[in-house]
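First the structure, in the form of structure tokens, and then the observations on it.
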Amino acid sequence: MDLHATWRSVPQELQHPYSKFSDWKFKLFRVKSMEKAPLPGDAQPAPAPSPPAPQQSELEVPPGSPTASVMRLCLGGKSKESLESAGARVDRKLQEMDTHMGHLRCLCRLCGVALRKVKGGAEHNVQGPLDESSGSALRRMGCKAKTWPEVVLKVFKVDVTGDMETVHPPFFCHRCWKAAMRGGGFCCFSGTRVTRWQPHSALCRLCFPRKLSLQRSSRKRCKPSRAGSQFVRAKKMKSEFFDHGFGSGAGWQWRSAEHGANSKPWVKPSLQRALWVRNVTGCKNIHLSSKLLLEDFPTDFLRAVTCQVCDHLLADPVQSPCRHLFCRTCILKYIRALGQRCPLCTFPCAPSDLVTPAKAFLGVLQSLLLRCPREDCREAVRLESFGSHCRGHQEADEEGDGGQGQTFNSYLPVNKGGRPRQHLLSLTRRAQKHRLKELKNQVKAFAEKEEGGDIKSVCLTLFLLALRAGNEHRQADELEAMMQGRGFGLHPAVCLAIRVNTFLSCSQYHKMYRTVKATSGRQIFQPLHTLRNAEKELLPGFHPFEWQPALKNVSSATDVGIIDGLSGWAASVDDALVETISRRFRYDVALVAALKDLEEDIVEGLKEHSLEDSACTAGFSVVIKESCDGMGDVSEKHGNGPAVPEKAVRFSFTVMSISVQPEGSQEKFTIFQESKPNSELSCKPLCLMFVDESDHETLTAVLGPVVAERNAMKQSRLILSIGGLPRFFRFHFRGTGYDEKMVREMEGLEASGSTYICTLCDSTREEASNNMVLHSITRSHAENLERYEIWRTNPFSESMEELRDRVKGVSAKPFMETQPTLDALHCDIGNATEFYKIFQDEIGEVHLKSNPSREERRQWRSALDKQLRKRLKLKPVMRMNGNFARRLMTREAVDAVCEVVPSEERREALRELVELYLQMKPVWRSTVPAKDCPDQLCRYSFNSQRFADLLSTTFKHRYDGKITNYLHKTLAHVPEIIERDGSIGAWASEGNESGNKLFRRFRKMNARQSKTFELEDVLKHHWLYTSKYLQKFMEAHKNSAKALQATIDPVETQDDLGESLDVADSLEL
């Protein structure tokens, strides 16, 4: 015998056992796994459909392939196809699926426990309606659900409307029912873990349970015998199988499953297969039987109009690639359970391959005449109107309390099973219009005849009546409120204003939203994604605009949001990298957002002055107040380690006024005037940066692009749509919101302790003390630039002292123009600090002593603090602030201080000095002094002269050759500034200072890992905090008791509630 030929006859996998052992082992495992008889549905569908033809079985392989040789070797030379036909394999899988569904009927849909193990009551149908006792109990607890799917969705957070009979159990146990009832239909307190159900497969744990492991555990236990446990399990499953829905006809199914495929069936295989398929589809009470047809049609015609899966009349018919017709729900359930194959020819059929049949066939199908199954009717009805005919009978039975309505429910058009609401809501808009075309024409005809063509009111009224008829009074009240213009749900802008004004983070707002929704059962607050859409319209970068001419060195893009603060800064080669984090808006984009925020005020101002749009062609003039100040140390003091100071600076602006000069008129009309110019609600942030305000180089680098954008906007005009019409705006910038330190930084002057005391004039400290009143404003930004060039070049070759005297204290390049004015807030603080020292000197009688020691001064200060705490309850502070300054500079504080001053003469002089100061103070603190304090304004020159005389005589020991910066400005420059600008208090930096606490609140609200993103969130929420649009919504709802009562109990809302409640109290829910 030829050994080589013998070796050649051996399969290829066995020729190289050492080199291909792993491949051979894997293929042999595949062959052994084929004993499970995989079905045609397990294969993937073909990529391109072809005409139906005899298909090769999934187990067939080419004769010469290695797999075929292994199969022949393992099966004794026979193939799998010769042992079992394709039809028998499909029937066997149907039998397995039927057995699997029997197992599912024995388990709970929610917790997965066997129903027989739960004691206390019967099981409940997951898809069924609420029984009378459960429904009444839930209604007493406030739940308005009518079906179990609604209750399960709220309690267990599981949507069971899409359950399939082949995957999910149809019942749930009494234990889960008790959990739902205890939660009132809203929540679950038992901690039930909902089971995740998987489709039937070869490794199904219900049909093929795991065998007990033979491995001994650490602790020896007495294990029951395997055969006994399997027998008991089979016996239990059999009893449960008979108890849950198979009835008398289920015995043959169970015995057929036990005896195997080779045993003799009890009934014909075709009838058995049809029964299995109907159990899978479960459409007996949904689709119509062909026995209802009025005429006796041929068998071939009946086969054409009936479903090839359930043998009912086609409902929502679809056509497969092999041109067979099925009901949509039946074929989808069949494909889901048995694989993507046609039930008739096993041709590949995916759900996406199903198409709608031809319109001609649909017309024939819908025109079939059916006989009404009601005995007292027996009317011939077309198939397309059979559902409405049956519904009419049911309504008549319900009104007359007839007994036949219960048996007639089977023929109603119920959409139950795999695709709920598929009939209308899941269709496309075009399909919905086509289906509702007839109803739309009827409603339109009625509206034109009765309601003057108001179709919307007719539809809303129909919907309202439908809700009232279904006892959905809460939804009906909401709809009626919307129809009357008083909606129950809060506007997104109101919710956004509540979140920003109460400093709620995203998680805190979402928790409040969910709590209120679960408590009231309605969506009162809007979700977070709605708030994000609302805030886009308020932030810069949303509205389009145009500059004419285009801004120089500025991009023309309008959709620019938050950008890097260093963008636009042209760094040279020698410059070092700026180690700071800065975020800002582009200046022009921020101004556009601010104007759009004031759109309603601008339109109202035009109407108030009766100005026509045609007369405002010259454009509007917008005055902008700029403010910039350091916020000090903003680092969060928590944790261990050294406290590293983290300084921050904010640059902001305020729209002070908007005026227009009509064409042909010499008078200007102010259509908008900021009523609270020193409030943090009107001061809009433009730039935030982590930098020390004394760092001149970094501050110049960050604010340099802002200065360039401002200079470009001065030479152009803005075109923006206001009130639906394009309008022109020109901007006038006034940098007045700076304290003494920031003005010296921006104008390049020496520090506050310099010889040149004033930022408005060229006086030295000695000149200002000798002549306290008679000075005028001489400094300007252009003059400071010229002096800086002299300082830099020294053209006259002068010495340092001579050069310093020539430039009058200019030592750095001015990089931002400021308005020569007085900052009222810091003037109050500086003068209060000086008076605090005067009080100490008077207590210690410094006018009688030449050089008091430090210990004596400490004792005088302690005595002053003790007296202020005792009489005014004014606690001492480390650093003077605005609140302490306001309480210190009062007549009550002077009286308290005079009690500890020894000399009566000094008491009178001190009272007179403070009284003069209190008469001068309203002039620079008032927004409009000519209207608010005209008498003090007229007497200001006299009072200032008398005040200067007291300082130079009675208090000469303190002001001999020296004077503070703010006292000099108060006495010398206030009348001139009032005469030029009309006000000092309106242009103060108090709004920017008040925003310091907002920075800390917003930073705590938006705690992020990265400072960059943290700064962006702070800038965004600070901008929203200053939005006039949100402030109007907040004011409208702040003291509205009706809105609050509607939030808690909308059914019992009263219109005449007299007590006003705050919105913040409603957030305690």
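The values are calculated or read from the model by the stated rules, or taken from the named source; none is laboratory data. Everything numeric in this text was worked out from a predicted model, so none of it was measured. Here Cβ is always computed from backbone atoms with ideal geometry, including for glycine, and neighbour counts include all displayed protein chains. Please note that ligands, DNA and RNA were not included when accessible areas were found on the heavy atoms of the full protein model with its side chains. Shrake-Rupley method; radii C 1.70, N 1.55, O 1.52, S 1.80 Å.
Here are a few things to note about the model shown:
- Some residue of segment 377-400 being more than 52 Å from the chain's Cα centre (by Cα), open to solvent by 40 Å² or more (accessible area, probe 1.4 Å) and without any contact (Cβ under 8 Å) to a residue 12 or more places away in the chain: yes
- When restricted to residues that are surrounded by 22 or more Cβ atoms within 10 Å (Cβ to Cβ) and either part of a strand (DSSP E or B) or modelled with pLDDT under 80 (or both), segment 99-121 contains 1.
- Residues being open to solvent by 70 Å² or more (accessible area, probe 1.4 Å), modelled with pLDDT under 85 and either among the polar types (S, T, N, Q) or in contact with a His (Cβ under 8 Å, 6 or more places away or on another chain) (or both) - total across segment 632-674: 2
- Inspection of segment 555-567 finds no residue satisfying the criterion of being within 30 Å of Gln666 (Cβ to Cβ), at pLDDT 90 or above and open to solvent by less than 70 Å² (accessible area, probe 1.4 Å).
- Residue match in segment 338-353 (condition: within 30 Å of Asp98 (Cα to Cα), among the aliphatic types (A, V, I, L, M) and more than 45 Å from the chain's Cα centre (by Cα)): yes
- Search result, residues across segment 899-945 that are charged (D, E, K, R), over 22 Å from Lys837 (Cβ atoms) and touching a Ser or Thr at 6+ places or on another chain (Cβ under 9 Å): Asp932
- Filter pass, Val846 being among the hydrophobic types (A, V, I, L, M, F, W, C) and more than 56 Å from the chain's Cα centre (by Cα): yes
- Residue ID - modelled with the highest pLDDT, chosen from residues in segment 456-494 that are in a helix (DSSP H, G or I) and polar (S, T, N, Q): Thr461
- Filter result for Asp1017 (charged (D, E, K, R) and under 21 Å from Leu539 (Cα atoms)): yes
This table checks each residue for (1) more than 32 Å from the chain's Cα centre (by Cα); (2) surrounded by fewer than 17 Cβ atoms within 10 Å (Cβ to Cβ).
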site: Asp131; (1), (2): yes, yes
site: Ala145; (1), (2): no, no
site: Glu165; (1), (2): yes, no
site: Phe171; (1), (2): yes, no
site: Phe186; (1), (2): no, no
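- Set side by side, the residues Thr927, Thr970, Thr964, Thr953 differ, and just one is open to solvent by 70 Å² or more (accessible area, probe 1.4 Å) and of a type in the set (Val, Ile, Thr), which is Thr953.
- Filtered residue count, segment 365-376, keeping only those that are surrounded by 14 or more Cβ atoms within 10 Å (Cβ to Cβ) and under 30 Å from Arg336 (Cα atoms): 1
- For Phe728, the conditions (1) farther than 16 Å from Asn992 by Cα; (2) part of a loop (DSSP other than H, G, I, E, B) all hold with the exception of (2).
- Test: Arg499 is farther than 27 Å from Lys144 by Cα, open to solvent by less than 70 Å² (accessible area, probe 1.4 Å), without any contact (Cβ under 8 Å) to a residue 60 or more places away in the chain and of a type in the set (Lys, Arg): yes
- Among the numbered conditions (1) in a loop (DSSP other than H, G, I, E, B); (2) surrounded by fewer than 22 Cβ atoms within 10 Å (Cβ to Cβ); (3) in contact (Cβ under 8 Å) with a residue 60 or more places away in the chain; (4) not aliphatic (A, V, I, L, M), the only one that Pro677 does not meet is (2).
- Count of residues meeting criterion [at pLDDT 85 or above and assigned to a loop (DSSP other than H, G, I, E, B)] in segment 364-387: 3
- Residue check for Lys837: under 56 Å from the mean Cα position of the chain (by Cα), open to solvent by 50 Å² or more (accessible area, probe 1.4 Å) and modelled with pLDDT of 90 or more: yes
- Residue list for segment 731-750, filter: open to solvent by less than 30 Å² (accessible area, probe 1.4 Å), in a strand (DSSP E or B) and charged (D, E, K, R): none
- Sole exception among (1) open to solvent by 40 Å² or more (accessible area, probe 1.4 Å); (2) assigned to a loop (DSSP other than H, G, I, E, B) for Phe361, by number: (2)
- Residue among Leu699, Leu718, Leu688 that alone is in a strand (DSSP E or B) and under 26 Å from Lys1011 (Cα atoms): Leu688
- Among the candidates Asp960, Asp932, residue that is of a type in the set (D, E, K, R) and more than 26 Å from Ser752 (Cβ to Cβ): Asp932
- Of all the residues in segment 433-459, those that are polar (S, T, N, Q), open to solvent by less than 100 Å² (accessible area, probe 1.4 Å) and free of Cβ contacts under 8 Å to residues at least 12 places away in the same chain number 1.
- Applying a threshold of 7 Å to beta carbon distances and a minimum spacing of six or more residues, or different chains, the list of pairs starting in segment 977-1003 at a residue that is among the aliphatic types (A, V, I, L, M) and ending at one that is surrounded by fewer than 16 Cβ atoms within 10 Å (Cβ to Cβ) and modelled with pLDDT of 85 or more is empty.
- Among the residues listed as Lys1042, Lys1028, Lys1004, the single one being modelled with pLDDT under 85 and surrounded by 14 or more Cβ atoms within 10 Å (Cβ to Cβ): Lys1042
- Subset of segment 797-814 that is surrounded by 18 or more Cβ atoms within 10 Å (Cβ to Cβ) and under 17 Å from Glu740 (Cα atoms) - its residue that is nearest to the chain's Cα centre (by Cα): Pro814
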